[in-house]
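*Asks:* Here it is: the structure, laid out below.
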Amino acid sequence: MTAADDARAILSRLGVPAGVFTPTGLPIRSPVDGSTGGAVRTAKPDDVDRAIAGATMAFDAWRRVPAPRRGELVRLLGVELRAAKADLAALVTLEAGKIASEGLGEVQEMIDICDFAVGLSRQLYGLTLPSERPGHHMRETWQPLGPVAVISAFNFPVAVWAWNAALALVCGDPVIWKPSEKTPLTALATHAVVERALARFGDAPDGLLQVVIGGREVGEALAADPRVPLVSATGSTRMGRAVAQSVAARLGRSLLELGGNNAMIVTPSADLDMAVGAIAFSAVGTCGQRCTTLRRLLVHEDIAETLIARLAEAYDSLPIGDPRDDGVLVGPLIDDAATHAFDAALARAVEEGGTIVTGGGRVERAGAYVRPAIVRMSAQSPVVMHETFAPILYVLTWRDFNEAVELQNAVPQGLSSCVFTDSVREAEQFLSAWGSDCGIANVNIGPSGAEIGGAFGGEKDTGGGRESGSDAWKAYMRRQTQTVNFSSALPLAQGVRFEV
């Protein structure tokens, strides 16, 4: 059986109805072996309109449900995800090309955010505020916002939806999910699991959780509709700009998780054993297709030769192949277009003065497989400033730590960053207000692999959004300041007098 056949078998096992498949529509394709297996139905404009109308009706009912009761639905979703973990993870591998442990990790991330959101359902806290007026009470509370559209990317085909959906549900919001057209099957499978949780919950309104499959036109329709107060979009900066402009035109809200061009600074005091391991995973994991992938390695010139040699040795030993196989660490790129972008970026890097230390080129097998590359650059040239979604690591050297921080911050993106050092001064400077300008800053760990407890997101061209943990839940609610007068008088604020 081909990988596409295996994917359809998992869908059947999970209970995805056969009616989602069609002779024409969005083609099913696996990057594991390049195989195709039919197509899935895509949403028409009327389908999107009905989905939004259904979510609007569901909102009127769901916002009346007490938040802890809403949390019970998310708890049941976590239970069902645990039961389906192996199948969902295998499907992530087949459709997105992630190695098996990464597929399992992505589904675990869904489970983790469900656990987080269940606790959150009893902690949607506000504030009490002192009033200057006698006999008055002021407070600030958070109210459900309305239907939320989630536009997700292929590289995390299910986890990012869960980040949004789990929080939105406990906050009182319905969710409409538009998955990447490159990974529709994982969305359909996840929705089948959602249906089980809804059945066990028993009294959720129709239209609370929906999936609409399609291309750019579906995302554009969701972004433009004033019935959708929040659009959460993950993908390229180009896509994010289009979504932001469309949503802003109607004064809606957008939550954007866009490109990353993440760097690691390695200082002379760094533990190089730790650094090599962190670089290998951060630069090569998911075949370089994470928004937090390490793309720029900024190394002190005194240790550059030693570190580059060790990295080249590690890269040359990386097992590349079918991501389902034991021991494989590098699976395929998502499609042929990604391999062309990989080749083009390497050619441009050479044109701009770079030297390929190791890697580059295709692996001779069915599927979109390449050899992860290390490229030594003399300067942070235009190709380095651009995010290529592929396993290319650009290496630059520095002499002064301030120079390294400036190089780190000199790109348009601002998602994740890290420094490897044993110097408290360097570590604390990196974390200071004049250090890393990214939304995520780490010391002695790589830039990739965030936990759900912290708010995830970045600055500049990364979009400024925050998802997952901390107080990211506030994006899915509206703030309301309330004042109650429990006296028998009507004093005005600021001593204003208006007697009639």
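*Asks:* I need every pair where a residue in the stretch 229-247 that is in contact (Cβ under 8 Å) with a residue 24 or more places away in the chain has its Cβ under 7 Å from the Cβ of a residue that is of a type in the set (S, T, N, Q) and assigned to a loop (DSSP other than H, G, I, E, B), sequence separation at least 6 or different chains.
*Replies:* Thr234/Ser152
*Asks:* To continue, here is another question. Here is a check on your reading of the model: is Ile176 in the same structural domain as Val92 (by TED's automatic domain parsing), in contact with a Pro (Cβ under 8 Å, 6 or more places away or on another chain) and not in a loop (DSSP other than H, G, I, E, B)? Don't jump to the end; show me each part of the working.
*Replies:* Values: in the same structural domain as Val92 (by TED's automatic domain parsing): yes; in contact with a Pro (Cβ under 8 Å, 6 or more places away or on another chain): yes; not in a loop (DSSP other than H, G, I, E, B): yes.
Yes; evaluated as a whole, the condition is true for this residue.
*Asks:* Please pick out the residue among Gln413, Gln380 that is under 24 Å from Ala153 (Cα atoms) and in the same structural domain as Pro323 (by TED's automatic domain parsing). Don't jump to the end; show me each part of the working.
*Replies:* Working: Gln380 fails: under 24 Å from Ala153 (Cα atoms).
Going through Gln413, Gln380 in turn, the sole match is Gln413.
*Asks:* Look at Gly458 and say whether it is modelled with pLDDT of 95 or more and closer than 30 Å to Asn164 by Cβ.
*Replies:* Answer is yes for this residue.
*Asks:* Within the stretch 299-307, identify whether any single residue is closer than 18 Å to Val443 by Cβ, in contact with a Cys (Cβ under 9 Å, 6 or more places away or on another chain) and of a type in the set (A, V, I, L, M), and answer yes or no.
*Replies:* no
*Asks:* List pairs: first residue in the stretch 445-465 and under 20 Å from Phe430 (Cα atoms), second residue in a loop (DSSP other than H, G, I, E, B) and of a type in the set (A, V, I, L, M, F, W, C) anywhere in the structure, Cβ distance under 7 angstrom, at least six positions apart or on different chains.
*Replies:* From residues that are under 20 Å from Phe430 (Cα atoms), the pairs are Phe456/Ala450; Gly458/Leu415; Gly458/Cys438; Glu459/Cys438; Thr462/Leu258; Thr462/Leu415.
*Asks:* When the residues of the stretch 59-90 are filtered to those that are of a type in the set (Val, Ile, Thr) and farther than 16 Å from Leu14 by Cβ, which remaining residue is nearest to the chain's Cα centre (by Cα)?
*Replies:* Val74
*Asks:* Say whether the condition of being within 21 Å of Phe342 (Cβ to Cβ), hydroxyl-bearing (Ser, Thr, Tyr) and touching a residue at least 40 places away in the same chain (Cβ under 8 Å) is met by at least one residue in the stretch 395-414.
*Replies:* no
*Asks:* Taking Ser30 and the conditions (1) closer than 21 Å to Gly215 by Cα; (2) over 22 Å from the mean Cα position of the chain (by Cα); (3) crowded, with 21+ Cβ neighbours inside 10 Å; (4) among the small types (Gly, Ala, Ser), which numbered condition does it fall short on, given that it satisfies the others?
*Replies:* (2)
*Asks:* Only one residue in Val228, Val266 is over 18 Å from Arg295 (Cβ atoms) and at pLDDT 95 or above. Which one?
*Replies:* Val228
*Asks:* Is it true that Thr56 is among the polar types (S, T, N, Q), closer than 24 Å to Ala165 by Cα and more than 25 Å from the chain's Cα centre (by Cα)? Spell out how you get there, then give the answer.
*Replies:* Numbers: among the polar types (S, T, N, Q): yes; closer than 24 Å to Ala165 by Cα: yes; more than 25 Å from the chain's Cα centre (by Cα): yes.
Yes; evaluated as a whole, the condition is true for this residue.
*Asks:* How do the pairs read when you match residues in the stretch 333-355 that are touching a residue at least 60 places away in the same chain (Cβ under 8 Å) with residues anywhere that are in a helix (DSSP H, G or I) and of a type in the set (A, V, I, L, M, F, W, C), using Cβ under 6 Å and keeping only pairs 6 or more apart or on different chains?
*Replies:* Every condition considered, the pairs that remain are Leu333/Cys287.
*Asks:* Filter the helices (runs of 4 or more DSSP H) completely within the stretch 35-151 down to those with at least 3 residues that are modelled with pLDDT of 95 or more, among the hydroxyl-bearing types (Ser, Thr, Tyr) and surrounded by 15 or more Cβ atoms within 10 Å (Cβ to Cβ).
*Replies:* Values: elements: 45-62, 67-83, 85-96, 100-120.
Output list is empty.
*Asks:* Take the residues in the stretch 266-282 that are farther than 11 Å from Asn444 by Cβ and crowded, with 24+ Cβ neighbours inside 10 Å; name whichever of them is nearest to the chain's Cα centre (by Cα).
*Replies:* Ranking the qualifying residues of the stretch 266-282, first place goes to Ser282.
*Asks:* Right, next: Working only within the stretch 1-13, note down all residues that are of a type in the set (A, V, I, L, M, F, W, C) and surrounded by fewer than 20 Cβ atoms within 10 Å (Cβ to Cβ).
*Replies:* Met1, Ala9, listed by residue number.
*Asks:* I've got another one for you. Go through the stretch 308-349 and give me each residue that's small (Gly, Ala, Ser), surrounded by fewer than 18 Cβ atoms within 10 Å (Cβ to Cβ) and in a loop (DSSP other than H, G, I, E, B).
*Replies:* Result: Ser317, Gly327.
*Asks:* Select from the stretch 354-385 the residues that are part of a loop (DSSP other than H, G, I, E, B) and touching a helix residue (DSSP H, G or I) at 6+ places or on another chain (Cβ under 7 Å) and write down the one among them that is nearest to Phe281 (Cα to Cα).
*Replies:* Residue satisfying both the conditions and the ranking: Pro372.
The values are calculated or read from the model by the stated rules, or taken from the named source; none is laboratory data. This is a predicted model, so every value here is computed, not measured. So basically every Cβ, Gly included, is an ideal-geometry build from the backbone, and we count neighbours across all protein chains shown.
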